[in-house]
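Working notes, structure below.
The values are calculated or read from the model by the stated rules, or taken from the named source; none is laboratory data. Worth saying up front: this structure is predicted, and the values here are computed from it rather than measured. Methodologically, a virtual Cβ is constructed for each residue, glycine included, from the backbone with ideal geometry; neighbour enumeration extends over all protein chains shown.
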Amino acid sequence: MGILDKLFGGGKKKKGSRETVQTRGEHMPDLQIPVDEKFTIHFKKNGGKFLYCDSFEEATAALRDIIEENHWGTTPFFSMNPHLESRFKGEGVRFTDKVSESDVFFTTCEHLIAQNGSILVSSNQLREKKLHEIPVNIVVFATTSQLLESLGEGLKSIKKKYRQQIPTNITTLKHFEPTDDNSKDFMTYGSSSKHLYLILLEDL
């Protein structure tokens with residue numbers, strides 16, 4: 001069963017316990033469910049908006065829908081990723097490298113963390129900026145191969161991938177709705193609440 005089916009409850013129902021991630025206590029051990037399903041549940045619980053795409057054409061259509069929904073047609077997207085800009089430049093999106101000129105940050109990420117539904121980023125995406133310095137509206141473009149179970153696995157993957165040039169400014173985007181508890185998450189420097197869309201492209 002694919003991610004999209006899991007999102008909307010499609011496919012055959014599994015028999016057994018009715019206990020789910022949503023019904024378990026916060027400090028109970030995780031249920032043994034697939035990484036993609038676990039990420040989706042926690043990500044939506046955090047307040048994120050999720051768009052699953054089978055192809056790049058669907059991803060560009062999803063971006064157009066996001067722009068239309070939020071009336072961002074005349075809003076330039078703040079971006080620090082020339083490769084990402086070149087992939088989407090034919091979709092009528094204008095880009096700027098000045099954060100003061102935009103209300104929307106368009107970016108990639110390092111990994112998607114199923115354990116808590118967070119998005120792991122680093123200086124490859126943020127450069128030297130802290131979370132409070134980027135726009136409150138964020139559109140993240142990621143692929144299913146970036147899904148990992150835990151933050152520890154994500155950090156190990158970064159270390160292995162970049163070896164002698166490990167990026168700095170490693171942090172997580174986790175809270176997509178403001179709550180009293182946001183400031184307690186040390187990985188987000190106390191300024192984590194963002195309005196976030198995730199465009200997830202199937203690449204496995």
*When the stretch 52-71 is examined, which residues are found to be hydrophobic (A, V, I, L, M, F, W, C) and touching an Asp or Glu at 6+ places or on another chain (Cβ under 8 Å)?*
Cys53, Leu63
_Between Ala114, Ala59, which is hydrophobic (A, V, I, L, M, F, W, C) and touching a Cys at 6+ places or on another chain (Cβ under 8 Å)?_
Ala59
*Would you point out which residue out of Thr60, Thr74 is modelled with pLDDT of 95 or more, on the phi < 0 side of the Ramachandran plot and not in a strand (DSSP E or B)?*
Thr60
*Is the stretch 94-103 home to any residue that is out of contact with any Ser or Thr (no Cβ under 7 Å at 6 or more places or on another chain), farther than 20 Å from Glu57 by Cβ and of a type in the set (Lys, Arg)?*
yes
_Can you tell me which of (1) surrounded by fewer than 16 Cβ atoms within 10 Å (Cβ to Cβ); (2) part of a loop (DSSP other than H, G, I, E, B) is the one Ser100 doesn't meet?_
(2)
*Test Phe88 against the stated conditions and say whether it is at pLDDT below 95, aromatic (Phe, Trp, Tyr) and closer than 30 Å to Glu37 by Cα.*
yes
*Filter result (part of a loop (DSSP other than H, G, I, E, B) and surrounded by fewer than 22 Cβ atoms within 10 Å (Cβ to Cβ)) within the stretch 104-129*: Thr108, Gln115, Asn116, Ser122, Arg127, Glu128, Lys129
*Complete set of residues in the stretch 130-166 that are free of Cβ contacts under 8 Å to residues at least 40 places away in the same chain and not in a helix (DSSP H, G or I)*: Ser150, Ile166
_Residues that are of a type in the set (A, V, I, L, M, F, W, C) and closer than 21 Å to Ala61 by Cα: does the stretch 145-157 have at least one?_
no
*If you check Leu204, Leu198, Leu151, which single one turns out to be touching a strand residue (DSSP E or B) at 6+ places or on another chain (Cβ under 6 Å), farther than 19 Å from Ser123 by Cβ and either at pLDDT below 90 or surrounded by 15 or more Cβ atoms within 10 Å (Cβ to Cβ) (or both)?*
Leu198
